[in-house]
Structures are given as C-alpha cells and as structure tokens.
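J.: Please find one structure pasted underneath; my questions will follow.
The values are calculated or read from the model by the stated rules, or taken from the named source; none is laboratory data. Bear in mind that the values here come from a model prediction, so they are computed numbers and not experimental data. Neighbour counts are summed over all protein chains in view; Cβ atoms, including those assigned to glycine, are modelled from backbone coordinates with ideal geometry. These accessible areas exclude ligands, DNA and RNA; they are computed on the full protein's heavy atoms, side chains included. Shrake-Rupley method; radii C 1.70, N 1.55, O 1.52, S 1.80 Å.
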Number of protein chains: 2
Amino acid sequence: MILTVTLNAALDLTYRVPHLVPHASHRVREVSERPGGKGLNVARVLAALGFETAVTGFAGGETGRVLRSLLAADAAPGPPNGPARVTDALVPVSGRTRRTVGVVDENSGDTTQLNEPGPHVTPEEWETFLTAYRELLDGGVRAVALCGSLPPGVPVGAYATLVREARTAQTPVLLDTSGEPLRRGLAARPDIVKPNAEELAGITGTEEPLRAARAAQRRGAHAVAASLGADGMLLVTQDGAWSAAVPERLAGNPTGAGDSAVAGLLSGLAEGLPWPDRLARAVALSAATVRSPVAGEFDEPTYATMLPSVRVRRSEAP
Amino acid sequence: MILTVTLNAALDLTYRVPHLVPHASHRVREVSERPGGKGLNVARVLAALGFETAVTGFAGGETGRVLRSLLAADAAPGPPNGPARVTDALVPVSGRTRRTVGVVDENSGDTTQLNEPGPHVTPEEWETFLTAYRELLDGGVRAVALCGSLPPGVPVGAYATLVREARTAQTPVLLDTSGEPLRRGLAARPDIVKPNAEELAGITGTEEPLRAARAAQRRGAHAVAASLGADGMLLVTQDGAWSAAVPERLAGNPTGAGDSAVAGLLSGLAEGLPWPDRLARAVALSAATVRSPVAGEFDEPTYATMLPSVRVRRSEAP
C-alpha cells in the first residue's frame, strides 16, 4: 500500500460562471464538489494507475463529512481491471475541514481560486494523528508522501517529525510542501522533495534551478525533483542529475500537474525503479494532466502515448 | 406569529480577502456562514424587532443541515427583553440547499457575489410543502411574506398559488420576487408587492416609478411598495400614494436593505398600522441596514433615531 498525508485536506468546489466580473453578482451555472488537498489528488492518480492507496490527515465538520462520503463513493468497487481503491484513514478533528472555491470563467478558461484557512488542530488531535500515522507505517507502507500546507495549530516542524517516523519505519518518504515547513522537513532527510521553481528559490535564495536544487539537497534531501512548468522537471540525486521534458510544449490546464508528478515519483519510489524511469513517469503524468479535459485529472491515453516519448537527459555525473 | 417563505433558502458564506484579483489564487482571511435567502433575512429583522416569526421553504443536504443548526443557535433563548425567536418550519428536500459566496474585497469594500443554483424540487416535495404551508396558515398567522427566487422544479405559478392560499386563510400577504414569478403572483392579488425600480420596470415596461407602480397595481396588487435605492420608497395603494426618504443620503452597504424594508412593511401589515407608518418603518429599517457595520444586519440605535426623521409625503390623493 502507498500512503499519502494531507494535513490540510479540503472540500474542493468548482463554480463555472460565464464571465467573472469583480463586484458584480453571478449565477453559478454548474457546481462540482470533490475531495481536495494535494495528498488526496496524488492518491486519486495512484489509484487510477492501479496502486492500492490510503489517505490520512484530518477531516471534520459537515465539510469533512461530505469529503469522506465523496471518497467512499470513489472507493466503491469498479470493474476488475479498473482503478484501485483509495482507503480512507483520515483522523477526525473537531474543527471544520476547509473549502476551496475555484471559479472558472467560461469566457477565458481561467480560474480564480479562493482558499479557506484550515480548522484549528489541538495538541491532543495532533498526538492522535501521530499515533494513527505510526500504526499505518507499522502496518506496511511501500512509500509515503507528505503533501501541502499545515492547518493552524499543527507545529511548524510537523513534517520533520513525520519524515523521521517514516525513516524509523524504513519507509521511503517524499515531501511536497513550501516555506518554513519545507525548510524544517529538509533537515530530517526525506528521500525526495518536490518543490516547484518558486518554492525552491524561496528556501535557497537562488533562481538558477540546478544550483538551487543542489542547495536544497545540501540542506538534507537525498533527492530534489524540481518542477519547472512547461520546461519539464529537474532531478538531482546522489547518483547524478537528470532533466526531462515532453517533446513539445503542451497547451492545457496546469491544475494538478504537480500532484500528478508526485504520484509518478512516489509510485517509482515504491517500485524501486531507476531514477530516470521515476522522472519519466512524473513528467508523462504531469503532461497527461495538463492535457486532460477535466481539471486535475490525468488523461490515461495521453499518459500511455507520452511515457515512451519523454526525453530524459543526464545533466551531471555523480 | 409572522411567517416568511423562502423557497430557495441558502447557506450564505462571506469570504474576506485583502484584494480580489481575477485569475489569481487567494487566501481567505475570514469565513462566516449564516442562514440566507430573502425570507430568512426578513425573519431575522422581525425577530430583532420583537415579533415571533416562523420560516418555511425547503432545506436539504449537508448545507441544509448547517443552515438549520445555525438557525437553531440563533433561536436559543436570550434575555427576557431580547429578540424574539425564529421558529424553523422548513420542509426537508432531497436535493442540497444552495450556497452563496460573497467575496468582500477589503481594499475597496466591494463584494463579488457567486450564487449557486438551488436544489431540484420534485412534484411530491412541492405538494408536501403546500400541505405544510396550509397547516401553518390554519394555525394562525398574522401576515406572510413570500420571498425570492424559485428553485428548479417549483412551478413558475408557485407564488400565485401561495397568495391564493393566504387569501383563502384571510392572512395578509406580501410578495417580494421578480420576473415571471412576480408577474404570475400579481394576478392572484397579493396585499403588497415590493419590487425595486429595476424589477418594476422589467414587468411593466416603464421606467417612471409612479407610472410603473400604478401599472403593477392594475395587474392585481392591492398596494405596490417600490424601493428606489438612495431615493427611498414609493408606495401606491387604493387609498392614495406616498413617497418617503431619510433626510440625508447615507453612505454604507446596501446588502439586505430591501429585506429590512420588507420586514418593516410586513410588521406594519401584521399590526394594521396606517400606510404612512408602514412606509416610515420600512424606510427607517432600510436606512439602519445600510448604516450597519455588519452587512445585512440593521443597527438598532440608527433605527430608533431614523424612524421619527423619515419624511413621508403624499404623492397622490386616492
């Protein structure tokens, strides 16, 4: 089983409006709701790839209840060769799971995003989570991803703690966050961190991706996989550095492309694939997400076509 | 008891953001939730004025559950001379109560409004509502207000039916809606309709308020109270016509001013006040809502000061 952690899970609402005009009143033409937060998105991609996956983190209030019921509906048994299940291992919290609202302007195709703050997590709830997390790791996890922002009340060093627990349990661990939680998490020596160029520059103070990735690696990560938008990805490891991209630039919606890249890296980590193959999988899944007609989903035929066409180049010898 | 009907009730969310930028991502600084839809707003004002009030309409799904729990929290017994209770007489519906999201730009103070469509109401649910409505009227209602838009599935002639039922029960009835539901409702001869200038022009085809109000009256309303924004209100009845305004133009937030005006007219109708007194109450409540620091609430000291200062002028003899 692969595990993803989403401490600040969300109920993601998408509103379609003909044209968003600030300070005007709009009738929303179409509303959709789905479980959100980076780790839940990663789990959805992993399940679609056929990996048994569990999600943990916090869920509470009426919005948490809706999130869990949508997750249960997704997990209903499908066709024998269809997607694998996502197991709900979320921990109850007294506060209310946050909502995010993405307002899609049907005229321009652009999205305006409104993200509520998360529920306040008490020290007791954080301890309960830690116990549940240790039990999941002890139950046998092939790889774990720690994803996204921290809700109020969770210690800023939370990811460092979770990385250390995973290393104690000998479980490969990927960290995908930003700012101070990333800085602290790095010091606990995760197997992979996956910042984007901006997050990487934010913690290292350098804009040049290869130098910044090496700087992040020196701060403790075994490997740094930096997503560079349309320029693909850069991977820096102790065995050398690689860059990878699809053969041509793709038009589409980048929502969720980073989460699909995490799913690619994490599944490759779980399977013990060589680094270039993990990177190719991440880039192909990311591209198949940009090209998907549904924001945040990946298009399976595009993935199948893309995977063999991804160009992986060695940037540096070890 | 006074009754308000909100067929398309809503859970109103208010998001405060420092500055709304289309197509950007925003952290919401503050989230508030409250029961919404015109009739629920009217009931809140009536309760604050000390009138025992009940609300009916539809509520369903998780959002309906939150709406009803907020209503119950509001209805908790307060101090002996405090606001009266709002009784929850909402009818369950299988669909999900809509949300509205008001995004307040803290920089400009302006609000961008996103209104979800309502739940689909089945013919059986509509019949259940009609039975509940008749029972409420039979239980003794001093006045009833029919407020807002119709959710999908409710017949466009719904308000005409509800006006007729109120007249059969000899209950004074006020109608506050727009478009075709208003046009149909007028023909059933409500005691008062309260359109704004735009709604009035929409159904009568004339922009001049007095002529338009007279035209709406000829279509069936006993009285037409038109809200003219900062110009106050115009009232056309079989006993003559009046206009009223506060002595000076007010700066503030007009959200909910129309609903407060309905509460003023309706409470005056319930108490059998003379027309000019009903109009003065509506105008003073409306002004006290514009001046309130909390959007959609009315400021009680402002109301107490405003009421004696409202200037009511006779426009036409009967």
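J.: Out of the residues in segment A:79-96 that are of a type outside the set (A, V, I, L, M) and under 18 Å from the mean Cα position of the chain (by Cα), which is most open to solvent (accessible area, probe 1.4 Å)?
T.: Top of the filtered list is A:ARG85.
J.: In addition: Within the set of pairs 6 or more residues apart or between chains, which connect a residue that is more than 17 Å from A:ALA295 (Cβ to Cβ) and free of Cβ contacts under 8 Å to residues at least 40 places away in the same chain inside segment A:18-41 to a residue that is part of a loop (DSSP other than H, G, I, E, B) and open to solvent by 50 Å² or more (accessible area, probe 1.4 Å) with Cβ atoms less than 6 Å apart?
T.: A:HIS23/B:ASP110
J.: Let me ask something else about it. Restricting the search to segment B:220-240, which residues are of a type outside the set (A, V, I, L, M) and buried (at least 17 other Cβ atoms within 10 Å of the Cβ)?
T.: Of everything in segment B:220-240, those that are of a type outside the set (A, V, I, L, M) and buried (at least 17 other Cβ atoms within 10 Å of the Cβ) turn out to be B:GLY220, B:SER227, B:GLY232, B:THR237.
J.: Does A:SER243 satisfy the criteria of being among the hydroxyl-bearing types (Ser, Thr, Tyr), more than 19 Å from the chain's Cα centre (by Cα) and open to solvent by 10 Å² or more (accessible area, probe 1.4 Å)?
T.: When the stated conditions are applied, A:SER243 passes them.
J.: Does segment B:17-28 contain at least one residue that is over 16 Å from B:LEU175 (Cα atoms) and crowded, with 24+ Cβ neighbours inside 10 Å?
T.: Among the residues of segment B:17-28, not one is over 16 Å from B:LEU175 (Cα atoms) and crowded, with 24+ Cβ neighbours inside 10 Å, which makes the answer no.
J.: Scan segment B:58-74 and tell me whether some residue there is away from every other protein chain (no Cβ under 14 Å), in a loop (DSSP other than H, G, I, E, B) and without any contact (Cβ under 8 Å) to a residue 60 or more places away in the chain.
T.: No.
J.: Which one is farthest from the other protein chains (Cβ to nearest Cβ), of the residues in segment B:37-57 that are touching a Cys at 6+ places or on another chain (Cβ under 9 Å) and open to solvent by 20 Å² or more (accessible area, probe 1.4 Å)?
T.: Among residues in segment B:37-57 that are touching a Cys at 6+ places or on another chain (Cβ under 9 Å) and open to solvent by 20 Å² or more (accessible area, probe 1.4 Å), the one farthest from the other protein chains (Cβ to nearest Cβ) is B:ASN41.
J.: Here is a follow-up. Is at least one residue of segment A:28-36 more than 14 Å from chain B (Cβ to nearest Cβ), in contact with a strand residue (DSSP E or B) (Cβ under 6 Å, 6 or more places away or on another chain) and assigned to a strand (DSSP E or B)?
T.: Checked against the condition, which is being more than 14 Å from chain B (Cβ to nearest Cβ), in contact with a strand residue (DSSP E or B) (Cβ under 6 Å, 6 or more places away or on another chain) and assigned to a strand (DSSP E or B), segment A:28-36 yields at least one hit.
J.: Just to be sure I understand the filter: pairs with C-beta atoms under 8 Å, separated by 6 or more residues or on different chains, first member in segment A:290-318 and of a type in the set (Ser, Thr, Tyr), second member part of a loop (DSSP other than H, G, I, E, B) and open to solvent by less than 100 Å² (accessible area, probe 1.4 Å). Which pairs pass?
T.: Partner pairs satisfying both residue conditions: A:SER292/A:GLY252; A:SER292/A:ASN253; A:SER292/A:PHE298; A:SER292/A:ASP299; A:THR302/A:SER292; A:SER309/A:VAL246; A:SER309/A:PRO247.
J.: For segment A:284-318, give me the residue count where each residue is in a loop (DSSP other than H, G, I, E, B), closer than 18 Å to A:LEU266 by Cα and small (Gly, Ala, Ser).
T.: Residues meeting the conditions: 1.
J.: I need the full set of residues from segment B:110-134 which are open to solvent by less than 10 Å² (accessible area, probe 1.4 Å) and within 14 Å of chain A (Cβ to nearest Cβ), in order please.
T.: The answer is B:THR112, B:LEU114, B:GLU116.
J.: Please find, within segment B:252-283, the residue that is surrounded by the fewest Cβ atoms within 10 Å (Cβ to Cβ) out of those that are outside any helix (DSSP H, G or I) and among the small types (Gly, Ala, Ser).
T.: Among residues in segment B:252-283 that are outside any helix (DSSP H, G or I) and among the small types (Gly, Ala, Ser), the one surrounded by the fewest Cβ atoms within 10 Å (Cβ to Cβ) is B:GLY272.
J.: Quick check on this structure: which one of A:THR122, A:THR111 is farther than 30 Å from A:PRO301 by Cβ and hydroxyl-bearing (Ser, Thr, Tyr)?
T.: A:THR122
J.: Restricting attention to strands (runs of 3 or more DSSP E) lying wholly within segment B:87-200, give those where 2 or more residues are more than 18 Å from B:THR4 (Cβ to Cβ) and modelled with pLDDT of 95 or more.
T.: Because the criterion is at least 2 residues that are more than 18 Å from B:THR4 (Cβ to Cβ) and modelled with pLDDT of 95 or more, the strands (runs of 3 or more DSSP E) in segment B:87-200 that meet it are B:98-105, B:111-115.
J.: Please go through segment A:154-166 and give me each residue that is in contact with an Asp or Glu (Cβ under 9 Å, 6 or more places away or on another chain) and surrounded by fewer than 16 Cβ atoms within 10 Å (Cβ to Cβ), ordered by number.
T.: Within segment A:154-166, just A:VAL156 meets the criteria.
J.: Going by what's in this entry, would A:ALA287 be described as open to solvent by less than 30 Å² (accessible area, probe 1.4 Å) and within 15 Å of A:CYS147 (Cβ to Cβ)?
T.: No: the conditions fail for A:ALA287.
J.: Scan segment B:192-208 and report the pairs whose first residue is polar (S, T, N, Q) and whose second residue is open to solvent by 50 Å² or more (accessible area, probe 1.4 Å) and not in a helix (DSSP H, G or I), with Cβ atoms within less than 8 Å and a gap of 6+ or a chain change.
T.: Qualifying pairs under 8 Å: B:THR204/B:ARG219.
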